Amino acid sequence: SLEQHVSNLNQSFIERSIVHDAFHPVRSIGATAKHHGQNWSIAAGVFGDSPNDTADTDDQEYALGARGTYAPILDGDHYLHLAGAMRHADPNGTDTFTYNARPGTRLSDGVQAANTGAISGVEDAMTYAAEIAYNIGPVALQGEYMRVDVDRTIPTLEELEFEGWYAHASWFLTGENRKYIAKKGGLGRVKPIAPLTQGGIGAWELAARYASVDLTDEDVTGGELDTTNFAINWYPHNNVRFDLNYIHNEGDSNTPIGDNDVDAVVMRAQVDF
């Protein structure tokens, strides 16, 4: 996903979206091959189990993945990014997959706001993803859509389909932007035009994001979760930033949080080197 190709040091929000949380695979041991041109890139890989997998089985999970990106507009701070990705995954010997999402923050003490639970009898799963990002001057728009099709080994059980999407916008009040990195189809860090150390006020960013995941289909009731994020970010220097995020979650009756709203205010101070 595009979110995965932007370091969590450089995101507009403290956390990646609930769509990434629900559908992006965990880190796994594998190998990838990549190639790129001036305004495009392509990558493919094969992966096995996660190093943290504790399943007591000799039958490993494996996955094949590929992603391609293209930037038809690439002119400094004016660019358009388009991309698509696919992933085929077979479960390990437990024949189960689980899809879940936190309530917009990892500070939820393990609480999941949408959760399918362990889906048994899984034969394989296909994930499809589409990405778009547009930047002109200090204004940026970004969105992604993901869908997962789960095939099951029991003939009487229907194929499952889960999906999610998000859209976000950001505006640098002080005129900055995130650099586009064509060779990986991702975005880089923010560099203030007038850092605090040079007598300026640093970079100030306002951002908003709406995200939705639907983990209910057929006999699986993981629930539908909608999350709204607002962010104010201050970058006094290239490697220093302060973030303030407000997160609002709304779940349906099938989610672990029920019909309740869950709100959070999260702050972060960051120095990277």
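List of remarks:
- Residue match in the range 137-154 (condition: of a type in the set (S, T, N, Q), surrounded by 14 or more Cβ atoms within 10 Å (Cβ to Cβ), at pLDDT 90 or above and under 29 Å from Pro192 (Cβ atoms)): yes
- Filter result for the condition that a residue is open to solvent by 20 Å² or more (accessible area, probe 1.4 Å) and under 19 Å from Ile14 (Cα atoms), over Ala264, Ala211, Ala203, Ala207: Ala264
This table checks each residue for (1) open to solvent by 20 Å² or more (accessible area, probe 1.4 Å); (2) without any contact (Cβ under 8 Å) to a residue 60 or more places away in the chain; (3) of a type in the set (A, V, I, L, M).
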| site | (1), (2), (3) |
| --- | --- |
| Glu3 | no, no, no |
| Leu9 | yes, no, yes |
| Ser17 | no, no, no |
| Ser28 | yes, yes, no |
| Gln38 | yes, no, no |
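- Any hit, the range 28-46, residues being at pLDDT below 95, closer than 26 Å to Ala118 by Cβ, of a type in the set (S, T, N, Q) and under 18 Å from the mean Cα position of the chain (by Cα): yes
- Tyr128 vs. criteria part of a strand (DSSP E or B), surrounded by 20 or more Cβ atoms within 10 Å (Cβ to Cβ), in contact with a strand residue (DSSP E or B) (Cβ under 8 Å, 6 or more places away or on another chain) and of a type in the set (Phe, Trp, Tyr): no
- Scanning the range 77-114 for residues that are open to solvent by 50 Å² or more (accessible area, probe 1.4 Å), at pLDDT below 90 and under 25 Å from Leu244 (Cα atoms) returns Arg106, Leu107, Asp109, Gly110, Val111.
- When the criteria are applied in full, Gly121 meets the requirement of being farther than 24 Å from Gly258 by Cβ and surrounded by fewer than 15 Cβ atoms within 10 Å (Cβ to Cβ).
- Among residues of the range 165-183 being part of a strand (DSSP E or B) and touching a His at 6+ places or on another chain (Cβ under 9 Å), the one that is nearest to Gly222 (Cα to Cα) is Tyr166.
- Residues that are under 16 Å from Ala231 (Cα atoms), open to solvent by 10 Å² or more (accessible area, probe 1.4 Å) and free of Cβ contacts under 8 Å to residues at least 60 places away in the same chain, drawn from the range 157-191: Ala167, Ala169, Trp171, Leu173, Thr174
- Matching residues in the range 234-248 - criterion: being polar (S, T, N, Q) and over 13 Å from Glu15 (Cα atoms): Asn238, Asn239
- For the range 228-250, a residue qualifies if it is farther than 15 Å from Thr105 by Cα and touching a residue at least 60 places away in the same chain (Cβ under 8 Å), and exactly one does: Asn233.
- Lys34 meets the conditions (1) basic (Lys, Arg); (2) surrounded by fewer than 16 Cβ atoms within 10 Å (Cβ to Cβ); (3) closer than 30 Å to Val266 by Cβ in every case but one. The failed one is (3).
The values are calculated or read from the model by the stated rules, or taken from the named source; none is laboratory data. Note that the coordinates shown come from a computational prediction; the quantities given were computed from them, not determined experimentally. When we count neighbours, we look across all protein chains shown, and the Cβ atoms used for this are built from the backbone with ideal geometry, even at glycine. Areas reflect the complete protein model, heavy atoms only, side chains present, ligands, DNA and RNA absent. Shrake-Rupley method; radii C 1.70, N 1.55, O 1.52, S 1.80 Å.
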